[in-house]
1. Going by the structure shown, is B:Lys212 without any contact (Cβ under 8 Å) to a residue 24 or more places away in the chain, away from chain A (no Cβ under 14 Å) and over 14 Å from the mean Cα position of the chain (by Cα)?
2. When segment B:301-315 is examined, which residues are found to be among the small types (Gly, Ala, Ser) and outside any helix (DSSP H, G or I)?
3. Kindly provide the set of residues from segment A:156-195 that are out of contact with any helix residue (DSSP H, G or I) (no Cβ under 9 Å at 6 or more places or on another chain) and in the same structural domain as A:Leu220 (by TED's automatic domain parsing), ordered by number.
4. Could we say that B:Met65 is open to solvent by less than 40 Å² (accessible area, probe 1.4 Å) and outside the structural domain of B:Ala302 (by TED's automatic domain parsing) here?
5. Modelled with pLDDT under 95, within 19 Å of the chain's Cα centre (by Cα), more than 14 Å from chain B (Cβ to nearest Cβ) and open to solvent by less than 40 Å² (accessible area, probe 1.4 Å): which single residue out of A:Asp125, A:Asp92 fits that description?
6. Can you pull out the strands (runs of 3 or more DSSP E) entirely within segment B:186-270 that have at least 3 residues that are aliphatic (A, V, I, L, M)?
7. Within segment A:287-317, how many residues turn out to be small (Gly, Ala, Ser) and either in contact with an Asp or Glu (Cβ under 6 Å, 6 or more places away or on another chain) or over 26 Å from A:Ala136 (Cα atoms) (or both)?
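The values are calculated or read from the model by the stated rules, or taken from the named source; none is laboratory data. Quick caveat: nothing in here was measured; it's all calculated off a predicted structure. Positions of Cβ are backbone-derived with ideal geometry, glycine not excepted, and every protein chain shown enters the neighbour counts. The area values use the complete protein model at the heavy-atom level, side chains included, leaving out ligands, DNA and RNA. Shrake-Rupley method; radii C 1.70, N 1.55, O 1.52, S 1.80 Å.
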Number of protein chains: 2
Amino acid sequence: MSGHDAIEVISAKRDRHELSDSQIDWVIDAYTKGAVADEQMSSLAMAILLNGMTRREIARWTDAMIASGERMDFSTLSRPTADKHSTGGVGDKITLPLAPLVAACGVAVPQLSGRGLGHTGGTLDKLESIPGWRAALSNQEMFAQLESVGAVVCAAGDELAPADKKLYALRDVTGTVEAIPLIASSIMSKKIAEGTGALVLDVKVGTGAFMKDVDQARELAETMVALGTDAGVHTVALLTDMSTPLGLTAGNAIEVAESVEVLAGGGPADVVELTLALAREMLAGAGRDDVDPAEKLADGSAMDAWKQMIRAQDGDPDAALPVARECHVVTAPSSGVLTRLDAMAVGLAAWRLGAGRARKEDPVQAGAGVVWHARPGDDVTEGEPLFTLLSDDEHRFSRALESLEGGFDIEPGGTPFEATPLVIDRVG
Amino acid sequence: MSGHDAIEVISAKRDRHELSDSQIDWVIDAYTKGAVADEQMSSLAMAILLNGMTRREIARWTDAMIASGERMDFSTLSRPTADKHSTGGVGDKITLPLAPLVAACGVAVPQLSGRGLGHTGGTLDKLESIPGWRAALSNQEMFAQLESVGAVVCAAGDELAPADKKLYALRDVTGTVEAIPLIASSIMSKKIAEGTGALVLDVKVGTGAFMKDVDQARELAETMVALGTDAGVHTVALLTDMSTPLGLTAGNAIEVAESVEVLAGGGPADVVELTLALAREMLAGAGRDDVDPAEKLADGSAMDAWKQMIRAQDGDPDAALPVARECHVVTAPSSGVLTRLDAMAVGLAAWRLGAGRARKEDPVQAGAGVVWHARPGDDVTEGEPLFTLLSDDEHRFSRALESLEGGFDIEPGGTPFEATPLVIDRVG
């Protein structure tokens with residue numbers, strides 16, 4: 001691990017050389033310990049962003065980040081484990097119905113999750129709108145809950161891939177987030193360290209996603225699937241559409257409510273479709289493709305698992321959810337067919353209403369968000385509600401309205417409409 | 001200057017866009033004030049290194065760095081001003097004879113200089129080996145000395161292009177030194193802020209130089225000449241060879257001694273040749289090409305100016321120079337013609353002997369360095385001295401010897417030898 005220095009490693013990547021295992025191990029270890037400074041790691045990150053990394057380099061980088069902290073082990077659980085990771089989308093509440101559904105099918109879901117930053121929401125933020133629910137669990141609590149309930153969604157501890165934690169915060173302020181090797185290794189180091197046996201990646205593509213184009217998304221998916229497979233985790237990825245937001249809500253409490261509808265056997269068709277598609281992949285990865293998740297939704301056992309999961313983390317699944325203090329209704333400006341609803345426009349509006357945060361120390365509003373009353377392909381009528389904006393602060397409406405401008409199209413009635421498929425491709 | 005943020009500027013350059021004037025002004029000002037963090041500037045510097053900058057961007061970047069501090073003005077002096085800047089080479093003591101020579105020709109030389117870092121020596125380090133000599137002058141002292149003596153070599157104050165000072169230190173530790181836009185703007189911001197009327201750039205090419213190949217060196221030269229010309233400074237550049245070290249010495253006191261030999265009318269032919277070539281360019285730039293510098297060397301007036309210049313900064317030009325406590329002689333391993341003497345090998349040896357520093361806070365040894373007893377083209381005899389290594393610490397010899405290994409070739413007597421021209425090209 002010795003014999004290297006920061007300038008040597010930076011210069012090698014700058015000059016388009018492949019980094020050696022020893023260079024990668026050294027730089028991650030030294031950065032974690034503070035011997036490589038932030039300004040050195042950020043110039044290295046920019047060089048990686050612009051010059052790329054080979055699959056071997058990415059794999060070693062990921063291993064080094066895992067080695068910077070603890071690695072969990074669920075092999076002694078009585079059932080197999082499977083997890084899901086989404087690269088982040090608007091209205092993406094899928095984890096909420098998915099985790100208890102998969103648990104109800106006999107596969108344990110050990111999900112270490114994050115908070116939202118920017119226009120895509122965070123799973124923990126959504127769950128925290130449930131009165132009493134807490135995100136922080138000890139490893140012992142997590143293990144016990146996986147055995148008793150079968151599903152845990154909780155905050156990742158500081159001991160899990162600390163190098164990634166530090167690097168992620170640095171990339172966020174240095175314009176180096178958009179590097180596929182760094183995105184892939186960041187996600188996969190946490191998921192491999194988390195100790196899941198199977199993993200399904202939901203890689204979002206479209207205006208509301210990090211990856212705007214399908215080729216980039218496929219490259220990211222292939223990179224992550226290879227990393228997971230090499231680490232002994234059964235990994236597949238679905239490329240799914242994020243040009244349109246998922247479901248009919250983007251926010252925190254309102255997405256919990258929509259998720260509960262799905263668990264009750266209702267809810268928007270796209271949310272149900274994606275939840276079942278991901279559940280089937282998780283079950284197959286865990287060797288339980290004999291179970292049909294649709295049945296577990298229909299017979300109420302997924303809802304039972306949800307309630308147990310929420311209660312196990314001190315939440316009250318039957319309590320009333322928080323409601324925003326102010327609301328503002330946007331009506332359809334004309335009649336016809338809603339042919340486009342832009343995910344980024346909706347995500348930005350929800351963020352501006354207070355559902356998301358600009359900096360990681362900011363609070364979020366539990367009740368804030370956007371409800372849309374039609375999905376692409378639906379008929380709308382001039383003067384009827386198209387969006388309901390929700391916020392605790394009235395002054396937030398004007399900026400949210402700005403972000404919705406140009407974010408949807410209404411064409412005359414009878415205009416042919418072809419829906420984009422929700423699942424675009426499968427990698428793995 | 002408002003309405004920008006660091007991520008916006010970094011992302012623009014990362015994504016290969018041209019930065020606007022307003023973005024450049026903002027980022028330099030914000031960095032100088034600390035509102036843009038080191039880790040943000042270093043990722044921007046790496047993006048500039050890898051994606052480049054247009055001439056317009058470089059010019060604006062240079063202007064913004066000048067505007068970060070004070071700008072000197074010598075227009076009220078009774079004579080015209082001209083300065084020289086070298087991109088740094090091994091054995092490059094040219095400033096020492098050149099500044100008093102040009103002063104003796106009636107043109108004032110206001111040289112704000114730096115200390116050495118790495119294998120190339122620093123002019124201030126060399127002059128500081130003269131007992132009593134001080135590098136720090138106030139602006140008033142500098143102005144008075146230019147009027148009375150005509151030549152000043154002193155340390156740049158903190159008020160001159162502070163943005164460059166901060167950025168230079170950052171680039172040094174983040175692998176972002178090797179970016180032509182940043183090198184050119186760093187050099188030219190200081191030289192333009194320094195207020196010289198004419199400027200000659202000595203752009204070194206070869207193993208011992210920063211620029212290893214002539215096309216890169218020409219690009220740097222052209223960039224700097226354009227920047228100077230646009231700023232109203234009469235600017236030309238010479239591309240000169242740095243595959244072989246200059247003269248017969250690399251160190252501090254030993255280079256002062258060699259410079260004094262040149263001022264006394266002797267000294268190595270290459271040092272004399274380059275000194276005169278640069279002097280002619282400086283005189284021409286200042287409108288005094290009627291004066292022949294060779295005459296001023298021959299008639300002792302350059303030596304007089306040297307002594308006045310040293311005395312004006314409290315140095316004793318007649319005092320004995322410091323001598324290293326230890327020496328080690330390397331003899332020629334065979335007889336024949338010395339066909340190659342590698343500048344980098346010699347520079348590294350001098351540095352390892354204590355003539356240079358690894359970090360800017362390190363001291364240097366006044367007496368340390370390397371003397372070579374033959375130049376390429378000279379005959380050498382087996383067993384006769386080829387190098388003399390000088391240091392205050394005996395333990396430094398072994399590492400210095402390592403760096404000389406493979407650093408020279410001796411071919412059988414009669415091998416035809418063609419010397420590389422010292423001045424390769426002229427730009428401007």
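1. Details: without any contact (Cβ under 8 Å) to a residue 24 or more places away in the chain: yes; away from chain A (no Cβ under 14 Å): no; over 14 Å from the mean Cα position of the chain (by Cα): yes.
No.
2. Pass one, segment B:301-315, residues among the small types (Gly, Ala, Ser): B:301-302, B:305, B:312, B:315.
Across segment B:301-315, the qualifying residue is only B:Gly315.
3. A:Glu194, A:Gly195
4. Values: open to solvent by less than 40 Å² (accessible area, probe 1.4 Å): yes; outside the structural domain of B:Ala302 (by TED's automatic domain parsing): yes.
Answer is yes for this residue.
5. Values: A:Asp92 fails: modelled with pLDDT under 95.
The unique qualifying residue is A:Asp125.
6. Numbers: elements: B:198-205, B:234-241, B:249-251.
The strands (runs of 3 or more DSSP E) meeting that bar are B:198-205, B:234-241.
7. Step one: filter segment A:287-317 for residues small (Gly, Ala, Ser), giving A:287, A:294, A:298, A:300-302, A:305, A:312, A:315.
Adding the requirement that they be either in contact with an Asp or Glu (Cβ under 6 Å, 6 or more places away or on another chain) or over 26 Å from A:Ala136 (Cα atoms) (or both) leaves A:287, A:294, A:298, A:300.
So the answer is 4.
Here's the yes/no breakdown for (1) open to solvent by 30 Å² or more (accessible area, probe 1.4 Å); (2) without any contact (Cβ under 8 Å) to a residue 60 or more places away in the chain:
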residue: A:Ala312; (1), (2): yes, no
residue: A:Asp318; (1), (2): yes, yes
residue: A:Leu321; (1), (2): yes, no
residue: A:Ser335; (1), (2): yes, no
residue: A:Ala345; (1), (2): no, no
residue: A:Arg352; (1), (2): yes, yes
residue: A:Gly367; (1), (2): no, no
residue: A:Val370; (1), (2): no, no
